[in-house]
Each structure stands twice: as C-alpha cells, then as structure tokens.
1. Any residue at all in region 101-115 that is within 24 Å of Leu38 (Cβ to Cβ), in contact (Cβ under 8 Å) with a residue 24 or more places away in the chain and β-branched (Val, Ile, Thr)?
2. Just checking, does region 42-58 include any residue being surrounded by 12 or more Cβ atoms within 10 Å (Cβ to Cβ), of a type in the set (A, V, I, L, M, F, W, C), in contact with a strand residue (DSSP E or B) (Cβ under 6 Å, 6 or more places away or on another chain) and farther than 24 Å from Leu128 by Cβ?
3. Looking at Arg59, is it under 26 Å from Lys201 (Cα atoms) and either at pLDDT below 95 or outside any strand (DSSP E or B) (or both)?
4. So Glu27 fits all but one of (1) under 18 Å from Lys84 (Cα atoms); (2) part of a loop (DSSP other than H, G, I, E, B); (3) not small (Gly, Ala, Ser); what number is the exception?
5. Would it be correct to say that Ala134 is out of contact with any strand residue (DSSP E or B) (no Cβ under 8 Å at 6 or more places or on another chain), assigned to a helix (DSSP H, G or I) and either among the β-branched types (Val, Ile, Thr) or at pLDDT 85 or above (or both)?
Amino acid sequence: MIGKLTGLVDSVSVSTAIIDVGGVGYEVTMGARQLGALPPVGQPVSLAIDTYMREDGVRLYGFASEHERAWFRALQTVQGVGAKVALAVLGSLTVADLANAVALQDKAHVSRAQGVGPKVAARIVAELKDKMPALAPAISVPGGVPSPVTELPEGLAARDAVSALTNLGYAHGEAASAVSAAIRMAGNEAGAAELIRLGLKELSQ
C-alpha cells in the first residue's frame, strides 16, 4: 500500500497528475482544488496517498496533507458517499470550510460540491458531527510545555464559537486564542458563525 509520494510533478490533467518518483511515473487522482495547488511541472511535491485496490487495477488518490486524507476517508463512511463524491467535496471545500459546515450543520454549503445533492449533504453534516474530535488536527506544544490558559473572550457569540471549536476536538486554550484572533479581524459585532469560520482558518495555519 502506498501512503505517501515524494517526487517531481511530471504532468497535470483535468482529474489526475503524474508524479515522477525516481523515474517511475505514478498517476494520482486529485480534486480540482488539490490539482490547482500543485507546484509547476518539474518542481518537487509531497502528497499523502490513499490507495484503492480494484479488480481493474490500483488507483491512487492524492492530498496535500494527512489531515485532508483523513477527511477523505471519513466522508466515505457516510451513506451514499464514495470516493468520487468525497473527492468532489474536498475539491470544492477546504478542510477548514468543511469542518465549519459540519459544526454549523450547514448542508447548503456542502451541497455546492459537484455531484452532491441536498440529501447527501444533509447526511454528511449529520453523520460527521460525532467524528469531528478524531478529525481535528493534533495540537503539538514545543518541548512538551503546556500551552497557557487563554481567557475566554466576552460575548455570547464568542462563547458559542469557543464551545463549537472545543467540540471539534481543539483544546480550550487554542479555541479561545483562535476566537480572540477572529474578533480582532471581524470586529466585536461578528456573529458566532463568522467567528467559527475565522477561528478554524486561524487554527489551520
């Protein structure tokens, strides 16, 4: 099983890229957003790979990070979602956008992905909500020193946003810091949905 490829971008088509690893070209299926983020032809790239063994051959799906690949796998646990639909979702939405949509149960945002109807989008946001803590990226602290406690921002919207982020698996201090940064960007009058969106963007950096 191939879990990672590091090589040079050989060519890019509508739905695949050829990655040259030591003279061997691997055809990797990717979403539109992932393909658009690849470096120019001839430049190095490292991709997280999900390998599918099929009767007609082996198919490799490529992602910018292991976290993105984890979402790809989680999406396929939803009824009616296969590799094609999961790739379409991640090809349209960033991991942060998808996490935000699940946290807010925003099926309309998920249904923007090609081939994802309202019923499938509703199942995605409903069935993935309980799996969010496992999908949240690990938060590592340099030297193993605990992160300082961050004071909870004032206001109901801020508290709701912090609560939503901690429910996604982030540490309380990390969530509070992210929401504080979101308030600085959006202002004190921003609603919880906007603070969650900006907070997730802050945490994903």
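The values are calculated or read from the model by the stated rules, or taken from the named source; none is laboratory data. Values in this document were obtained by computation on a predicted structure and should not be read as measured data. Backbone-built Cβ (ideal geometry, glycine too); neighbour counts: all protein chains shown.
1. No, region 101-115 has no match at all.
2. Yes: one or more hits.
3. Numbers: under 26 Å from Lys201 (Cα atoms): no; either at pLDDT below 95 or outside any strand (DSSP E or B) (or both): yes.
Here the answer is no, as Arg59 does not meet what is asked.
4. Tallying (1) under 18 Å from Lys84 (Cα atoms); (2) part of a loop (DSSP other than H, G, I, E, B); (3) not small (Gly, Ala, Ser), Glu27 fails exactly one: (2).
5. Details: out of contact with any strand residue (DSSP E or B) (no Cβ under 8 Å at 6 or more places or on another chain): yes; assigned to a helix (DSSP H, G or I): yes; either among the β-branched types (Val, Ile, Thr) or at pLDDT 85 or above (or both): no.
Criteria not met by Ala134.
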